[in-house]
Amino acid sequence: MITILVANPKGGCGKTTVATHIAAAFANAGLRTALADADKQGSSLGWMKQRPSEAGPIQPLDWRDSWGKPPKAIDRLIIDSPAAMKMGKIDDLLRMADVVVVPVLPSGFDVAATGDFLKKLETLKPIRKSRTAVAVVRNRVQLGTRSAGRLDSFMIGVGHKGVGRLRHRTIYTEIAAQGLSIFDLSGKQYEDLRDDWAPLLRYIENSDPGINAFAGSR
């Protein structure tokens, strides 16, 4: 099993969108997938309640009050972490995680807050001892803009793996209300957006070479 923690204490960074899309990608690849919602807002749980029965199955886990034990017979566990969580509690979740995915938006406030968060992460034992990988994902990027360039510069000096750029598209918000992701839908626009996610999914899968559902991804 690979456990993926999606975390950033900066609100509004797209954490839940990233968590639900990673879960949907694995579910549609035929992997037994669970999504644990540890955020008091319960957005991931709400998304799963709206999810159509014919979509790739994702096991919902309510971790809003306390962390549970990872379920048995699961290939992929994704944890949507609480916003503004204290580092001590993040340390508890890190002990479960193989990969931490940190979404960051192309704004000055988000870049600064994420930089501080990454520095704090580096003080925690699972990261310091290289037992847990960190993947920083550029989210809601508008290519060719100054903000995108500023974010690219931030990634150069961040000291962690920068994995992919997710373009800003309103379709993410539109389909979220239906419990869907771009991995659940067919059509060229969804195929193009899935390419944005391929580097991140490959990075996650490479932490478990024995099970690589995305080995053929571009």
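Structure notes:
- Each peptide in 70-79, 21-30 receives the mean, over its residues, of other Cβ atoms within 10 Å, and ordering these scores from highest gives 21-30, 70-79.
- Summary of packing: across the peptides 58-64, 98-104, the per-residue average of other C-beta atoms within 10 Å ranks them, highest first, as 98-104, 58-64.
- Overall dimensions of segment 2-205 by Cα: Rg and Dmax, Å: 15.9, 46
- Over 28 Å between alpha carbons, listed pairs Lys40/Lys129; Lys15/Lys129; Lys89/Lys119: Lys40/Lys129
- One decimal place: the segment Arg169-Arg128 gains 11.2 nm when fully extended, by the rule 0.36 nm per residue minus the C-alpha distance.
Just so you know, all these numbers are worked out from the coordinates, no wet-lab data involved. Everything numeric in this text was worked out from a predicted model, so none of it was measured. Please note: Cβ atoms are built from the backbone with ideal geometry, for glycine as well, and neighbour counts cover all protein chains shown.
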